[in-house]
Amino acid sequence: MKISTYDPDISRALNLELNRQREGLEMIPSENFVSEAVLEALGSVATNKYAEGYPGKRYYGGCQFIDVIEQLAIDRAKEIFGAEHVNVQPLSGAPANIAAYEALLEPGDTILGMDLSHGGHLTHGHPVTQSAKIYNFIRYKTNADGLLDLENLRAMAVEHKPKLILVGYSAYSREIDYEGVKKIADEVGALTMADIAHIAGLIAAGEMNNPVPLFDVVTTTTHKTLRGPRGGMIMCKKEHKKAINKAVFPGLQGGPHENVITAKAIAFKEALEPSFKAYARQIKANAKVLERVLGERGYRLMFGGTDNHLLLIDVTPKGATGKESEAALDKAGITVNKNMIPDDARSPMDPSGIRLGTPALTTRGMKEAEMEQIGAWIDEAITARGDEGKLAEIKTAVKELTDRFPLYPDLTY
């Protein structure tokens, strides 16, 4: 029985969400649009199967075909990233990070991780997280130019003698010198971990540096720029295989979500296609256009610009806050998220900046010309944030644009 027949309330909400995605500009940099094949996998019969354990070593019978699927996902991820070992079972990026800590560390061990306001992630040591209560996080920041300062990182590593040095960010827009970080870690006897959740797709396409062959452990989500289902993944050196697998199951999770792993396998196959490389190049090209347009219109770009898919923008030069800007853009049909900027004097729920990115727009086929217009609309909406008529006018223009780039044209609920 179809959703529309059995549950009209859910059907209505899903169709409204489908239309919101179709008619608006999704610019939250952690969001993307999966392929119809990935959507199909998420609703497949793989959702019915319990498969605690790993391929060939399950605690349940009847896993022979699930094993084929999960092994395909593992093998494809190894090929993409050059990984020695891959665990595709983490439910998302945060659980993947927690599992990595569990595998590599003892309670009380010191970790060097990026400060949240400078582009880091909550799971990189923010005091509100459980991990921060278990491990001793020392948080480093970017320098006055908005860049990761390896000399400062080295000085902190020498001073604090961390067991683990962690790099990788949720709002940092620059390339990372993994070889430089590895050299510092080797000097102080630390393990290395990279969280590439945001940039995994760009790394997969060869458009950004790849830490996987260098670092002890690399975690990622499988959505965002990798354009797969919502989920996580851990890649590591062979010597950490047993500890990583044990930390994921039975350490933190029970039965894996094999429908999601099926969708991961399909997304990894897509990432191996030549067209994915062209897609990743376009993501970066589109981001550079937005960088130029918004810079020319008086916005302060954190970290001096972007080398990847996202921009972190200080909107206070326009007399606005991040919260106000997010709300105004939402009314204009443009979805971004409010975000703290480095050393923000404002609160996380009403910060000074917004974060936006190009993966979802690029998936729809939009290129440089569209970015020029979208950059102008962003500025117009923030500038006219109190003018409901102007915001409605922009939203109408946005819909006219998105109609030219159809999304799931045959889908309905």
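All of Ile111, Ile98 fail the test of being out of contact with any Phe, Trp or Tyr (no Cβ under 8 Å at 6 or more places or on another chain), farther than 22 Å from Ala271 by Cβ and outside any loop (DSSP other than H, G, I, E, B), apart from Ile98. Residue pairs, Cβ under 8 Å, 6 or more apart or interchain, first in the range 358-369 and under 23 Å from Ala171 (Cα atoms), second among the acidic types (Asp, Glu). List them. That search, which allows pairs on different chains as well, returns Pro359/Glu31; Ala360/Glu26; Ala360/Glu31; Leu361/Glu26; Leu361/Glu370. One residue alone among Ile378, Ile341, Ile374 is β-branched (Val, Ile, Thr), assigned to a loop (DSSP other than H, G, I, E, B), in contact (Cβ under 8 Å) with a residue 60 or more places away in the chain and at negative phi, and that residue is Ile341.
Per-residue answers, yes or no, for (1) in contact with a Gly (Cβ under 6 Å, 6 or more places away or on another chain); (2) at pLDDT 90 or above:
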position: Ala96; (1), (2): yes, yes
position: Leu116; (1), (2): no, no
position: His121; (1), (2): no, no
position: Ala132; (1), (2): yes, no
position: Lys141; (1), (2): no, no
position: Leu148; (1), (2): no, no
position: Met156; (1), (2): no, yes
position: Lys161; (1), (2): no, yes
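The set of residues in the range 130-146 being within 22 Å of Arg230 (Cβ to Cβ) and either crowded, with 20+ Cβ neighbours inside 10 Å or in contact with a Ser or Thr (Cβ under 6 Å, 6 or more places away or on another chain) (or both) consists of Ser131 alone. Among the residues making up the range 163-199, those that are touching a strand residue (DSSP E or B) at 6+ places or on another chain (Cβ under 6 Å) and assigned to a helix (DSSP H, G or I) are Val181, Lys182, Ala185. When the residues of the range 1-22 are filtered to those that are of a type in the set (D, E, K, R) and over 23 Å from the mean Cα position of the chain (by Cα), which remaining residue is nearest to Ala332 (Cα to Cα)? Checking each candidate, the answer is Arg12.
Listed conditions (1) touching a residue at least 40 places away in the same chain (Cβ under 8 Å); (2) assigned by TED's automatic domain parsing to the domain that holds Leu202 are all met by Glu239, apart from (1). Collect the residues in the range 252-286 that are in a loop (DSSP other than H, G, I, E, B), surrounded by fewer than 19 Cβ atoms within 10 Å (Cβ to Cβ) and not aliphatic (A, V, I, L, M), keeping them in residue-number order. Gln253, Gly254, Gly255, Glu273 - these are the residues of the range 252-286 that are in a loop (DSSP other than H, G, I, E, B), surrounded by fewer than 19 Cβ atoms within 10 Å (Cβ to Cβ) and not aliphatic (A, V, I, L, M). Restricting attention to the range 349-366, the residues being in a loop (DSSP other than H, G, I, E, B) and modelled with pLDDT of 95 or more number 6. Listed by first and then second residue, the pairs linking a residue in the range 211-235 that is assigned by TED's automatic domain parsing to the domain that holds Ala185 to a residue that is part of a loop (DSSP other than H, G, I, E, B) and charged (D, E, K, R), with Cβ atoms under 7 Å apart and 6 or more places separating them unless they lie on different chains, are Asp216/Lys237; His223/Arg230.
The number of residues in the range 386-413 that are assigned to a loop (DSSP other than H, G, I, E, B) and either of a type in the set (Phe, Trp, Tyr) or touching a Gly at 6+ places or on another chain (Cβ under 8 Å) (or both) comes to 3. For the range 44-58, the criterion of being β-branched (Val, Ile, Thr), at pLDDT 95 or above and loosely packed, with under 12 Cβ neighbours inside 10 Å is satisfied by at least one residue. For the range 296-314, filtered to residues that are touching a residue at least 24 places away in the same chain (Cβ under 8 Å) and acidic (Asp, Glu), the residue that is surrounded by the most Cβ atoms within 10 Å (Cβ to Cβ) is Asp307. Do we find a residue being touching a residue at least 12 places away in the same chain (Cβ under 8 Å) and over 20 Å from the mean Cα position of the chain (by Cα) anywhere in the range 272-285? Taking every residue of the range 272-285 in turn, none turns out to be touching a residue at least 12 places away in the same chain (Cβ under 8 Å) and over 20 Å from the mean Cα position of the chain (by Cα).
The values are calculated or read from the model by the stated rules, or taken from the named source; none is laboratory data. Note that the coordinates shown come from a computational prediction; the quantities given were computed from them, not determined experimentally. Here Cβ is always computed from backbone atoms with ideal geometry, including for glycine, and neighbour counts include all displayed protein chains.
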